[in-house]
Structure formats: structure tokens, C-alpha cells
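Read through the structure below, which is laid out as C-alpha cells, and then see the notes.
The values are calculated or read from the model by the stated rules, or taken from the named source; none is laboratory data. Small disclaimer: the values here were computed from a predicted structure and weren't measured. Every residue, glycine among them, receives a Cβ derived from its backbone with ideal geometry; neighbour counts consider all protein chains shown. Ligands, DNA and RNA are stripped out before the accessible areas are found, and what is left, the full protein with its side chains, is counted by its heavy atoms. Shrake-Rupley method; radii C 1.70, N 1.55, O 1.52, S 1.80 Å.
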Amino acid sequence: KQQQQREDQHEKVGLMGWSLLDPEQADDVLEHDTCDGTHLYVLVHGFNSKADHLKYLAEHLRNRLGPSAVVHCARCNEARIPNPFQHPTHDGIDTGGERLADEISEVVKQHTA
């Protein structure tokens, strides 16, 4: 019952993407208007998708968490041209993970410089 209440609350405020996190972490985010220090939240799209599909969630998080939160929608694994047969998400988790790690490193450098 408690899990269902959490899911209902998260869905109500548009945080369905948090379902991949530990429920206490998601509740923590919902309970605080801002966070102490700078926190990086990286949103990653799924198979055959693109970063723009996460714009609503990213905007909601930015508004909810305040200026000390950096919300980044990863673009490294989205298709450069609309061709479903050559989408970067087809080349495997290892390769996509390496691209994502490189992109996150760049974002961290931009915000720590």
C-alpha cells in the first residue's frame, strides 16, 4: 500500500521517471524545494528515443529543485538523422555507456570551471 501511495504521488507531480530510483530518494526530492550544494541530475532517454522526450521532466525538476540543481538531458545516444535502422541505441549498452560517461564528464567540467 505504501509503495502504491508513493507511485500515486510521483505520478501526480509528473515524476514517473523517478521509478528507477530508490523510493526514499524520490520522496526526498519531492519533500525539499531546494538542495544544499550543487547536484547533477542526468536524464537519459530509452531505446530509439531522444533527449527532447524528457523536456517536461527536466523542466519540472529544475523548477522544483532550484538553481543549485543541474538537470541535464543526455544527447549523446540520440540519432543525428531520423533513421530507425542506424540509431545509436542499437550499438549496445557498453558503447552507449561510454558515450554517456564522456558526456557527463563534459557537463561536470562545464559546471566546475
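Taking segment 61-70 on its own, how many of its residues are modelled with pLDDT of 90 or more, in contact with a strand residue (DSSP E or B) (Cβ under 8 Å, 6 or more places away or on another chain) and among the polar types (S, T, N, Q)?
Here the count works out to 0.
Could you run through segment 74-90 and say how many residues are in a helix (DSSP H, G or I), open to solvent by 40 Å² or more (accessible area, probe 1.4 Å) and of a type outside the set (A, V, I, L, M, F, W, C)?
Residues flagged as in a helix (DSSP H, G or I), open to solvent by 40 Å² or more (accessible area, probe 1.4 Å) and of a type outside the set (A, V, I, L, M, F, W, C) within segment 74-90 amount to 3.
Within segment 22-50, can you find the residues that are at pLDDT below 90 and not in a loop (DSSP other than H, G, I, E, B)?
Answer for segment 22-50, where residues must be at pLDDT below 90 and not in a loop (DSSP other than H, G, I, E, B): 23, 24, 25, 26, 27, 28, 29, 30, 31, 39.
In segment 91-107, is there at least one residue being part of a helix (DSSP H, G or I), in contact with a Leu (Cβ under 9 Å, 6 or more places away or on another chain) and in contact (Cβ under 8 Å) with a residue 60 or more places away in the chain?
yes
Out of all the residues in segment 43-50, is one or more open to solvent by less than 80 Å² (accessible area, probe 1.4 Å) and of a type in the set (A, V, I, L, M)?
Looking for residues that are open to solvent by less than 80 Å² (accessible area, probe 1.4 Å) and of a type in the set (A, V, I, L, M), one finds at least one in segment 43-50, hence yes.
Could you figure out which of (1) modelled with pLDDT of 85 or more; (2) open to solvent by 70 Å² or more (accessible area, probe 1.4 Å) isn't true of residue 58?
Evaluating residue 58 over (1) modelled with pLDDT of 85 or more; (2) open to solvent by 70 Å² or more (accessible area, probe 1.4 Å) leaves (2) as the failure.
Within the set of pairs 6+ apart or on separate chains, which have a first residue in segment 48-60 that is farther than 17 Å from residue 76 by Cα and without any contact (Cβ under 8 Å) to a residue 24 or more places away in the chain, a second that is hydrophobic (A, V, I, L, M, F, W, C) and open to solvent by less than 90 Å² (accessible area, probe 1.4 Å), and C-beta atoms under 9 Å apart?
Within 9 Å, the pairs are 59/71.
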